[in-house]
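The values are calculated or read from the model by the stated rules, or taken from the named source; none is laboratory data. The structure displayed is predicted, hence computed values, not measured ones. We place every Cβ from the backbone using ideal geometry, glycine too, and count neighbours over all the protein chains shown. Each accessible area value is taken on the protein alone, full model and side chains, heavy atoms only, with ligands, DNA and RNA left out. Shrake-Rupley method; radii C 1.70, N 1.55, O 1.52, S 1.80 Å.
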Amino acid sequence: MNPLSRRSFVQSLGAAALGRPLMAAESKPNFLFILMDDLGWKDVGCYGSDFYETPQIDRLASQGMRFTNAYAAC
């Protein structure tokens, strides 16, 4: 199975949010979305933490896609 490009990954997320299938059932992407309350941008090793040790999250990040630009209005 070929890895998805960033564009097709984002398109599949958008289609899933709208409740529409974009791809055939056998080629759906596998993804893990981790959401944590009060997590600073530099609180895990893969984003540069020298204090916290997060080897499992770092391993997942090295094998997948990381989002490095975001904005929150609150």
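The residue that is modelled with the lowest pLDDT, counting only those in the range 13-46 that are within 13 Å of the chain's Cα centre (by Cα) and part of a helix (DSSP H, G or I), is 13.
If the condition is being in contact with a helix residue (DSSP H, G or I) (Cβ under 7 Å, 6 or more places away or on another chain), open to solvent by less than 100 Å² (accessible area, probe 1.4 Å) and either under 26 Å from residue 74 (Cα atoms) or aliphatic (A, V, I, L, M) (or both), then the range 40-63 contributes 44, 45, 46, 57, 61. For residues in the range 2-12 being hydrophobic (A, V, I, L, M, F, W, C) and open to solvent by 50 Å² or more (accessible area, probe 1.4 Å), which is modelled with the highest pLDDT? Among them, the one singled out is 10. Contact map, the range 46-66: first residue within 25 Å of residue 6 (Cα to Cα), second residue among the hydrophobic types (A, V, I, L, M, F, W, C) and open to solvent by 80 Å² or more (accessible area, probe 1.4 Å), Cβ cut-off under 8 Å, separation 6 or more or different chains; pairs are 47/41; 57/34; 60/32; 64/31; 64/32.
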